[in-house]
Amino acid sequence: MNIRPPTADPFSVAVGFLVGGASAVVLPELPLGALETHGAGMAVLAGLAVWTLLEQLPRTVDRAVEARLYRLVGALALLLLAVTLGDDLVGRTVVPPSLTLPAVGLVLLGLVVVEAGKRRLIRIVMRRETVDLRLTLVESARRLFVLSAGSSLVGVGIARLTAGEAVGLPTLVGAVVGTTIGLTVVDNRRVDIAVLDRGLVIEPRRRIGTTLVPWARVRRVTVRDGTLRIDRGLPWPTRYECDLSQVDDADRVVDAVRRRRRAV
């Protein structure tokens, strides 16, 4: 087998970083004297080895991504987060204090792997399917605020619990105010949408969160007052809107979206 030089594929790189990070946390805890001295170097080698290996097996990796195995990484990351926060909840030490921050770092790396896996899945799907239509829509301001504020509250709450601090009213107010300022200063409501056989590829322009939404999770496609509305269901129940007066051949656009959704 010819060795392929590793590329900067986000998914392979993210998995390599996760393995390297996990090795850097676990190896020094093992009862092997050599690891105390060379643990960091071995962790780097482990990450590089995994990254290089994944680059040699692109089809195998694609099949694993299509099977959405990266979600297992996300589930393990959330489990690790629950265990890390469990110290305060159950009143006993589950994760040693010295490993709390490294554990949170691994959780973040796990979430990066999930995001990179979603993006790789989208690239695979778009290589295989014909893109019927591309549109630029605007996400509902009210729904975006509610969802963003909720995400911010969860994130701030987890951060404070990890640091052993209480989550009080000032923290909650600060998260909501910060979300309001962020959404006001930065216009991040615009999203690019590609219409495929199996669903919608939604790519926000100024934030992360590119995703493939199956047609089964598209609740409604309606036209009201010259505006196309696409309602997305759980776990991100929002609405995307498009002013049809700014679109060439609006009837064809609406028909393409409705036809694909009815075909499911």
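The residues in the range 72-91 that are at pLDDT 90 or above and charged (D, E, K, R) can be counted, and the count is 0. Would you mention how many residues in the range 229-243 are in contact with an Asp or Glu (Cβ under 7 Å, 6 or more places away or on another chain) and either surrounded by 17 or more Cβ atoms within 10 Å (Cβ to Cβ) or in contact (Cβ under 8 Å) with a residue 24 or more places away in the chain (or both)? Matching residues across the range 229-243 total 3. Annotation: of all residues in the range 240-264 being in contact with a helix residue (DSSP H, G or I) (Cβ under 6 Å, 6 or more places away or on another chain) and either more than 18 Å from Ser140 (Cα to Cα) or not aliphatic (A, V, I, L, M) (or both), the one that is modelled with the lowest pLDDT is Val264.
Going by the conditions given, is Ile208 surrounded by fewer than 17 Cβ atoms within 10 Å (Cβ to Cβ) and at negative phi? Criteria met by Ile208.
Taking the range 214-263 as the range and being within 16 Å of Val201 (Cα to Cα) and aliphatic (A, V, I, L, M) as the test, the residues that pass are Ala216, Val218, Val221, Ile230, Leu234, Val253, Ala256, Val257.
Residue-wise test of (1) touching a Lys or Arg at 6+ places or on another chain (Cβ under 8 Å); (2) closer than 23 Å to Arg189 by Cβ; (3) among the polar types (S, T, N, Q).
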{"site": "Arg232", "(1), (2), (3)": "yes, yes, no"}
{"site": "Leu244", "(1), (2), (3)": "no, yes, no"}
{"site": "Asp255", "(1), (2), (3)": "no, no, no"}
{"site": "Arg261", "(1), (2), (3)": "no, yes, no"}
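The strands (runs of 3 or more DSSP E) falling completely within the range 194-264 that include 2 or more residues that are within 20 Å of Leu121 (Cβ to Cβ) map to 199-204, 211-214. Filtering the range 246-264 to residues that are small (Gly, Ala, Ser) and closer than 14 Å to Leu135 by Cβ leaves Ala250, Ala256. Filtering Gly168, Gly178 for residues that are out of contact with any helix residue (DSSP H, G or I) (no Cβ under 7 Å at 6 or more places or on another chain), exposed (fewer than 15 other Cβ atoms within 10 Å of the Cβ), over 30 Å from Gly16 (Cβ atoms) and at pLDDT below 70 leaves a single hit, Gly168. Across the range 225-237, the number of residues qualifying as over 19 Å from Arg198 (Cβ atoms) and at pLDDT 85 or above comes to 3.
The values are calculated or read from the model by the stated rules, or taken from the named source; none is laboratory data. This is a predicted model, so every value here is computed, not measured. Note that we place each Cβ from the backbone using ideal geometry, even for glycine, and neighbour counts take in every protein chain shown.
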